[in-house]
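Heads up: the structure comes next, in structure tokens.
The values are calculated or read from the model by the stated rules, or taken from the named source; none is laboratory data. Everything quoted here is computed from the prediction, not taken from an experiment. Using ideal geometry, Cβ is built from the backbone for each residue, glycine included, and neighbour counts are taken over all protein chains shown. What goes into the accessible areas is simple: the full protein's heavy atoms, side chains included, and nothing from ligands, DNA or RNA. Shrake-Rupley method; radii C 1.70, N 1.55, O 1.52, S 1.80 Å.
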Amino acid sequence: MKVVVIGGTGHIGTYLVPRLVEVGHEVICVSRKKGSPYTAHESWKRVKHVGIDRQKSEQNGDFGTQIVSLGGDIVIDLICFTPQSAQMLAEALKGRVQHFLHCGTMWIHGHSEQVPTSENQRRNPFGSYGINKAKIEAYLHTFYQENEFPITMLHPGHITGPGWLPINPVGNLNPEIFVRLSKGEEITLPNLGMETVHHVHADDVAQAFIKAIENPKNSVGESFHVVSEQALTLRGYAEEMARWFGREPKLSFLPWEEWRKNVSQRDRELTWDHISHSPCGSIAKAKQLLNYSPRYSSLQAVQESIEHYFEKKGIPTNR
């Protein structure tokens, strides 16, 4: 079938597009400009690239029309962040596609309540990103129920893989945390380090999209979490990464109000966002209905990413 992937050169698309080509689909990659995926693959030579600036096209009111003109049997939207954006595209594609797949986020749930969080638990999002993604999910499910529009929603956790930094053991993106762990230096965690993060390798997210396409009877009209088998506490994460570097973990702890005073504004904001959500998602539904089986644990996904980062930067390790 012909598959249109919107935002196909990013984290997920780097792995998803080659997977689609390898199973026999004709793939059209839509992006603002012809960027390069994070990892090279021979399959990209067989992909058609179409340059569309989504923001400008939506302002002109013709983004949906442009996607329709590509004639996709399946449309995968990896970069939709507002309900208005979702509505414009869904209404244009109504009656014109066999399957529409949207990339959501675990943050539709807001803070964790009962863990692991299942897809049928209530949505209580906070922050503009989570709130908008929850509104998109609600809109698409209603659109499916009222119009039989064939939607599937996939909600990843903290996506990682070679080429970009993972959320670290203090809940932000500062790579210095990993450097200090590799040297056996002490790092300070907020509170008691018992908040959680839930990573997923980008290739496992790509796997879930493929499984959803291959199982439309089970996936259409549904939402699925796409994460690793287990979340990590910040403390456990830090300890295991130190040991991976061949070091004994050296951790200290400070209450949030004290911890926040010692970091940059960006690090502080990212950490607060992550520890206040503390995601921990169940993948039981995806395993049962889609046969989703993540290849990477959270630690394995992070370690592959960090190994690539250290090699690229020429940072020595004790490994």
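Residue-wise test of (1) under 26 Å from residue 125 (Cα atoms); (2) buried (at least 22 other Cβ atoms within 10 Å of the Cβ).
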{"position": "276", "(1), (2)": "yes, no"}
{"position": "282", "(1), (2)": "yes, no"}
{"position": "292", "(1), (2)": "yes, yes"}
{"position": "307", "(1), (2)": "no, no"}
{"position": "310", "(1), (2)": "no, no"}
{"position": "313", "(1), (2)": "no, no"}
{"position": "316", "(1), (2)": "no, no"}
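Going through (1) in a loop (DSSP other than H, G, I, E, B); (2) of a type outside the set (Val, Ile, Thr); (3) at pLDDT below 95 one by one, residue 70 falls short only on (3). For the residues 295, 235, 243, 319, the requirement of being of a type in the set (Lys, Arg), under 20 Å from residue 182 (Cα atoms) and not in a helix (DSSP H, G or I) singles out 319. Among the conditions (1) over 28 Å from residue 125 (Cα atoms); (2) free of Cβ contacts under 8 Å to residues at least 24 places away in the same chain; (3) of a type in the set (D, E, K, R), the only one that residue 240 does not satisfy is (2).
When each of 67, 79 is tested for being open to solvent by less than 30 Å² (accessible area, probe 1.4 Å) and under 26 Å from residue 144 (Cβ atoms), the lone residue that passes is 67.
Against the conditions (1) within 20 Å of residue 193 (Cα to Cα); (2) in contact with a strand residue (DSSP E or B) (Cβ under 9 Å, 6 or more places away or on another chain), residue 305 satisfies every one except (1).
Listed here are the strands (runs of 3 or more DSSP E) enclosed by region 151-201 that have at least 2 residues being open to solvent by 10 Å² or more (accessible area, probe 1.4 Å): 158-160.
Considering only region 192-210, state which residues are in contact with a strand residue (DSSP E or B) (Cβ under 9 Å, 6 or more places away or on another chain) and more than 25 Å from residue 270 (Cα to Cα). If the condition is that a residue be in contact with a strand residue (DSSP E or B) (Cβ under 9 Å, 6 or more places away or on another chain) and more than 25 Å from residue 270 (Cα to Cα), then 207, 208, 209 are the ones that fit. Count of region 130-147 residues, restricted to those that are open to solvent by 20 Å² or more (accessible area, probe 1.4 Å) and of a type in the set (Val, Ile, Thr), is 2.
Residues are listed down the side, and each one gets a yes or a no for (1) in contact with an Asp or Glu (Cβ under 7 Å, 6 or more places away or on another chain); (2) outside any loop (DSSP other than H, G, I, E, B); (3) aromatic (Phe, Trp, Tyr); (4) at pLDDT below 95:
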{"site": "8", "(1), (2), (3), (4)": "no, no, no, yes"}
{"site": "34", "(1), (2), (3), (4)": "no, no, no, yes"}
{"site": "64", "(1), (2), (3), (4)": "yes, yes, no, no"}
{"site": "86", "(1), (2), (3), (4)": "no, yes, no, no"}
{"site": "100", "(1), (2), (3), (4)": "no, yes, yes, no"}
